Amino acid sequence: MADSLAPEADSEGGGHVFVERGPRIGVDVGKARVGVAKSDPDRVMANPVATLPRDKKQRTDLRFIADLAREYEAVCVYVGLPVNLGGEHTPSTKDAVRFARGLERMLDGIRVRLVDERLSTVSAQRQLHQAGRSVKSSRSVIDQAAAVEILENALDAEKRLDSWAGKTIADGYNGLIV
């Protein structure tokens, strides 16, 4: 079972709960593809795992991520929440929330949290370009790189805040799911 690392304020009871030691999974949800990354148990580094074709009918993308989370004994799955530069919801926001809800139902007990992913894909593209790769030649890894970026931002926020990053669907995104 996961060890405790850092206290998190318990908003209901006024006590402390703890951010657990254990791997985290990062997910970049796109219209055509889903990027996946994972961290080590100590939250030091995020690594790319896979780029999956989006599969709204058979849900093989969701099943792959759920199986991966269970296999690695992940304590949290962070799903990128696309918002515009002003922080407002977009059509992609609703899609990501639906994806996170489906994942949450499959995981039964593993946390699923939504984290702001503003500019994660742009940042991933920039990093790949600086490494000498064109957008065309790196399509297959851009989504993984964006998932790494999402996960690294979540890990940094956990360390900075001493609590889980992002929000749960119940924290305010239920209204986006139709």
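The values are calculated or read from the model by the stated rules, or taken from the named source; none is laboratory data. This structure is a prediction, so every number in the text was calculated from the model and none was measured. Positions of Cβ are backbone-derived with ideal geometry, glycine not excepted, and every protein chain shown enters the neighbour counts. Keep in mind that these areas ignore ligands, DNA and RNA; they rest on the heavy atoms of the full protein, side chains included. Shrake-Rupley method; radii C 1.70, N 1.55, O 1.52, S 1.80 Å.
Things to note:
- Two-site label geometry, D55 and T90: point separation in nm, points 7 Å out along Cα→Cβ: 2.7
- Pairs of C-alpha atoms in the range 28-99 farther apart than 16 Å represent 53 percent of all such pairs.
- Heavy-atom SASA rank of S92, S39, S163 (probe 1.4 Å, accessible area, largest first): S92, S163, S39
- Cβ-derived FRET efficiency at R0 25 Å, T168 paired with E73, nearest 0.05: 0.80
- Residues of the range 53-69 with an amide N closer than 11 Å to a point placed 7 Å from the Cα of A32 along the Cα-to-Cβ direction: 54.
- Pairs from the list K56/K159; K38/K159; K31/K167 with a Cα-Cα gap above 27 Å: K56/K159.
- Counted over the range 33-123, the DSSP beta bridges are approximately 55% antiparallel.
- Positive minus negative residues near R105 (Lys, Arg vs Asp, Glu; Cβ under 12 Å): +2
- Of the residues Y78, Y173, the one with the largest accessible area comes first in the ranking Y173, Y78, computed with a 1.4 Å probe on protein heavy atoms.
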